[in-house]
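Notes follow the structure.
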Amino acid sequence: MNIALCHFRVGETDGVSLEMEKWKKALEMQGHGVFYIAGSSGNCAAEIIPELHYQDLQNKRIVANAYGLENDYPDEKSLQNDVLLEAEKIEKALLEIIKRRKPDVLIPNNIFSLGWNLAAAKAFFNAISKTGIRAVCHHHDFHWERDLYSDSRYAFVKKMLLDYFPPVHHQIEHVCINKLALDELSKRYSVEAKVVPNVFDFEMDYFKEDEFNRDIRSAFGLKDKDIVFLQATRIVERKAIEIAIDLVMNVLNLLQTDRGKVCYNGNLFDVDSKFYLILAGQCESPAYYAELKKYASELNVELIDISNRVAPTRGTNREEKIYSFWDVYQLADIVTYPSVLEGWGNQLLEAFAAKLPVAVFEYPVYRSDIAPYSLKIISLGHQYKMKNGLVHINPEFMNAAAQQARLFLFDADYRNKCVEKNYSIVKKEFSVRRLSNQMNFFNE
């Protein structure tokens, strides 16, 4: 079959783009032809519809007004007209691509899920209805899981969310990435869906040290004897990166009595060893980023943002190396994953695949879909409170997590045993090849 994977963006480091790349490989393993339809294409080829762009200015204006962040339309009808105009543009471009590329199946990723682009959902639904093409909607997140989409003042927006997010139609099938979403979808829409979890391509040797990345610590002013925590996710509120800052501070304080000991990697942890939290992902919330920097400064935690030198593939920029997203794992002694809300968890799986210990806040999907595999983690618990706009966990859990981190930093045998166990579990359960074997519904 000829299959089109569709999203607002592809070839970037966000979770949906990364997962689409794996789906493309898994489908190609089955002999299918696959191409992308998106608003931007990053480092790969795609059929581009500009109005689908994740940061499209007109759509951002529509989103801001639809969900109460702005109020610069004279009335509801004016806003609705703009949505319909954008939908016509997207539908026209999509129909042209369908006519020219002749896909047998469309796989919209989050286009019918979040409510981010109302026009895109209407356009895709119209195109699917008019052409009779089969569609398999891949839902990574739903609008009811996000505060942004929860309180529109406009009746037409509420109706669009009900009708298109997701749509119920005989040509449309649904795939969720976790059990909680599956249950909620069934409860709200009485539709059957399949759960296909996120996966990783274990056949690619992403995490090896080589000549290109061997200097990555020194490139950012880090010494081998420094302790480095890596936050590989995007910078956005639900990632709760302030928990990682708290963890670094607690580990720093706890390890003061360990100066002079040898770490798991044979490096001496001495009076000159420093602690860092590295931020490697894109910033999608400048205000939140400013709060994180302020909070880290108050706790004397050193943040280093390397995102401007991280890309999906290696390269150079003004004689500086641009490291791949996979290279940054060479920096880490411990990976932090403090998200309070995730549809699944791409960077979490990557950390396990990189054979690194991970500090995890046990968000709901972790508890329902991942915890049953008994992975060895540094647990940050599963409960939190908000204080001054930031997320905080119980000090007892934080102290316990710091003690666990200490064990991973100084007990090489324990560390190796845990990371190897995690690797073997995720390779068995969450590989691209396993995904390909699960995709028999494309051959039905």
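If you bin all the Cα-Cα distances of segment 76-216 at 5 Å, starting from zero, the percentages per bin are 2, 9, 16, 18, 16, 12, 9, 6, 5, 4, 2, 0.
Between the C-alpha center of segment 196-213 and that of segment 234-265 there is a gap of 25 Å.
Within segment 174-219, which chymotrypsin sites (Phe, Trp or Tyr not before Pro) sit in a loop by DSSP and count at most 13 neighbouring Cβ atoms inside 10 Å? Write down the numbers at each step before the final one.
Details: sites: 189, 200, 202, 206, 207, 212; in loops: 202, 206, 207, 212.
Hits after loop and neighbour filter: 212.
Between the helical axis of 395-410 and the longest alpha-carbon principal axis of the chain there is an angle of about 70 degrees. The C-alpha atoms of the chain define a longest principal axis, and helix 118-131 lies at about 50 degrees to it. The Cβ shell under 15 Å around residue 282 holds other residues with a net charge of 0, Lys and Arg each +1, Asp and Glu each -1.
Taking a sphere under 9 Å around the Cβ of residue 419 and counting the other residues whose Cβ falls inside, with K and R at +1 and D and E at -1, yields a net charge of +4.
May I ask you to order 411-417, 176-182, 342-348 by the average number of other C-beta atoms within 10 Å around their residues, highest value first?
Numbers: 411-417: 13.7, 176-182: 21.9, 342-348: 24.6.
Going from most to least packed, we get 342-348, 176-182, 411-417.
Can you pull the percent of the chain's accessible area that's carbon plus sulfur, 1.4 Å probe, other chains left in place? Mind showing how you got there, number by number?
Numbers: 9170 of 18890 Å².
Percent of accessible area from carbon and sulfur atoms in the chain: 49.
The Cα-based radius of gyration of the chain, divided by its Kirkwood radius, gives an Rg/Rh of 0.98. Taking the alpha carbon gyration tensor of segment 218-268, multiplying each eigenvalue by 5 and rooting it gives semi-axes of 24, 16, 8 Å, largest first.
Accessible area per residue, 1.4 Å probe, Å², for segment 114-244: what's the number?
Details: 5330 Å² over 131 residues.
On a per-residue basis, segment 114-244 sits at 41 Å².
With +1 on each Lys and Arg Cβ and -1 on each Asp and Glu Cβ, and nothing else charged, work out how big the dipole of the chain is about its Cα centre, in Debye to the nearest 20. Walk me through the numbers on the way to the answer.
On the way: 54 positive and 61 negative charges, 126 e Å.
That gives a dipole near 600 debye.
In the chain, Cα pairs under 8 Å separated by at least six residues give a relative contact order of 15 percent. Accessible surface computed residue by residue for segment 1-104, with neighbouring protein chains in place and a 1.4 Å probe, gives 43 Å² per residue. Our analysis of segment 5-123 gives Rg over Rh at 1.01, with the two radii drawn from alpha carbon positions and Rh computed by the Kirkwood formula.
Taking amide H as placed 1.01 Å from N in the peptide plane, residue 361 has its amide H under 5 Å from the amide H of 337, 339, 380, each at least 5 places away in sequence or on another chain. Calculate, in whole percent, how much of the Cα-Cα pair population of segment 144-251 lies beyond 23 Å. Cα-Cα pairs of segment 144-251 separated by over 23 Å account for 60 percent. Our estimate of slack between residue 64 and residue 406, defined as 0.36 nm per intervening residue step minus the Cα-Cα distance, is 118.7 nm.
If a spin label sat at a point 7 angstrom from the Cα of residue 150 along the line to its beta carbon, no backbone N atom of segment 326-341 would be nearer than 12 Å.
The values are calculated or read from the model by the stated rules, or taken from the named source; none is laboratory data. Quick caveat: nothing in here was measured; it's all calculated off a predicted structure. All Cβ positions, even for glycine, are placed from backbone atoms using ideal geometry, and neighbour counts span all protein chains on display. What goes into the accessible areas is simple: the full protein's heavy atoms, side chains included, and nothing from ligands, DNA or RNA. Shrake-Rupley method; radii C 1.70, N 1.55, O 1.52, S 1.80 Å.
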